[in-house]
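The values are calculated or read from the model by the stated rules, or taken from the named source; none is laboratory data. All values reported here derive from a predicted model rather than from experimental measurement. As a convention, Cβ positions derive from the backbone with ideal geometry for all residues, glycine included, and neighbour counts pool all protein chains shown.
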Amino acid sequence: MLIPVRKAVLAHNDAEAAENARLFESRRVRVVNVMASPGAGKTSLILAVARALPEGLRPLVIEGDVASSIDTEKVAAAGIPVHQINTDGDCHLDAGSVRRAFEALPAVSGPGLLFIENIGNLICPAEFDLGEDLRLVIASVPEGDDKPRKYPAIFALADVVILNKTDLLGHVEFDRAAFEAGIRAVNDRAPIFDVTCRGTTSGIGALVSWLVTEPRPERPDSPAMGT
């Protein structure tokens, strides 16, 4: 019974995600689903991008975590409207929890950019559509260059890939060409941005320009995990 139940869960989530997409569009909010392993720099990237947004585009954040509100407190301290989701053990966010969190945020009057910081995990979030416009996957230099080969499904569905903490290149072992080859083996369309969120925030400006202008892509079905 495991496979039919799993299909039913995903079908229900997909229906809720479609409702989310209509809601976000009606509120003039562009939505970015931010996925990465723990420690890759999801919150730091969100804050760096939020600071660089063009005037008139309001940032909002939904923070997903298994427990605690540590990252939510960082975002709130930056003056950005934010709502916390604690999953109490679940390794991903789903469309229903995102909708409830979005409705708890202050109403957006005008264009907005909503970041959904998903649970730190390179497996579970790949299966669950949230109604987002763009799927952003972060890998960081200290994690090594093999993540696209170890976790191909999440890199296959990415609309954009971020290589974060590039200030550490040359200080830790990392083969940039091998990293990109791993991505291109499963995804030939997603741009790759090399960034650092410390000091000069290199690469953030180019990423912001892409995020605010890239249209919502037509996507193939998401790859199923474990198949």
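Restricting attention to the stretch 111-155 and to residues that are touching a helix residue (DSSP H, G or I) at 6+ places or on another chain (Cβ under 7 Å) and of a type in the set (Lys, Arg), the residue that is surrounded by the fewest Cβ atoms within 10 Å (Cβ to Cβ) turns out to be ARG149. Being in a loop (DSSP other than H, G, I, E, B) and modelled with pLDDT of 95 or more is true of PHE174. Being surrounded by fewer than 17 Cβ atoms within 10 Å (Cβ to Cβ) and on the phi > 0 side of the Ramachandran plot is the filter here, so list the residues in the stretch 156-176 that pass it. Within the stretch 156-176, GLY170 is the sole residue that qualifies. Inspect the stretch 170-181 for any residue being free of Cβ contacts under 8 Å to residues at least 60 places away in the same chain and in contact with a helix residue (DSSP H, G or I) (Cβ under 6 Å, 6 or more places away or on another chain) and give the result as yes or no. Checked against the condition, which is being free of Cβ contacts under 8 Å to residues at least 60 places away in the same chain and in contact with a helix residue (DSSP H, G or I) (Cβ under 6 Å, 6 or more places away or on another chain), the stretch 170-181 yields at least one hit.
Is one or more of the residues making up the stretch 101-108 out of contact with any strand residue (DSSP E or B) (no Cβ under 9 Å at 6 or more places or on another chain), surrounded by 19 or more Cβ atoms within 10 Å (Cβ to Cβ) and either basic (Lys, Arg) or part of a helix (DSSP H, G or I) (or both)? No: the stretch 101-108 contains no residue that is out of contact with any strand residue (DSSP E or B) (no Cβ under 9 Å at 6 or more places or on another chain), surrounded by 19 or more Cβ atoms within 10 Å (Cβ to Cβ) and either basic (Lys, Arg) or part of a helix (DSSP H, G or I) (or both). In a residue-by-residue description of the stretch 52-64, the property of being under 16 Å from VAL208 (Cβ atoms), touching a residue at least 40 places away in the same chain (Cβ under 8 Å), small (Gly, Ala, Ser) and not in a strand (DSSP E or B) applies to at least one position. Between ILE85, ILE138, ILE116, ILE162, the distinction of being more than 28 Å from ALA206 (Cα to Cα), touching a strand residue (DSSP E or B) at 6+ places or on another chain (Cβ under 6 Å), modelled with pLDDT of 95 or more and not in a helix (DSSP H, G or I) belongs to ILE85 only.
Among the residues making up the stretch 143-163, those that are of a type outside the set (Val, Ile, Thr), touching a Phe, Trp or Tyr at 6+ places or on another chain (Cβ under 9 Å) and in contact (Cβ under 8 Å) with a residue 40 or more places away in the chain are GLU143, LYS147. Restricting VAL5, VAL32 to residues that are modelled with pLDDT of 95 or more and β-branched (Val, Ile, Thr) narrows the list to VAL32. Selection within the stretch 86-119: residues that are closer than 18 Å to VAL75 by Cα and of a type in the set (Val, Ile, Thr). The member of this set that is farthest from the chain's Cα centre (by Cα) is VAL108.
Among residues of the stretch 16-31 that are in contact (Cβ under 8 Å) with a residue 60 or more places away in the chain, those with a Cβ under 9 angstrom from a residue that is aromatic (Phe, Trp, Tyr) and not in a helix (DSSP H, G or I), sequence gap 6+ or separate chain, pair up as ALA17/PHE128; VAL31/PHE115. Of the residues making up the stretch 177-213, those that are farther than 18 Å from ALA48 by Cα, out of contact with any Phe, Trp or Tyr (no Cβ under 6 Å at 6 or more places or on another chain) and part of a loop (DSSP other than H, G, I, E, B) number 5. Taking the listed residues LEU157, LEU122, LEU207, the one that is under 13 Å from the mean Cα position of the chain (by Cα) and either among the acidic types (Asp, Glu) or farther than 20 Å from ALA21 by Cα (or both) is LEU122, with no other qualifying. With respect to ILE46, is the statement that it is modelled with pLDDT of 95 or more, over 19 Å from ILE162 (Cα atoms) and crowded, with 20+ Cβ neighbours inside 10 Å true? Criteria not met by ILE46.
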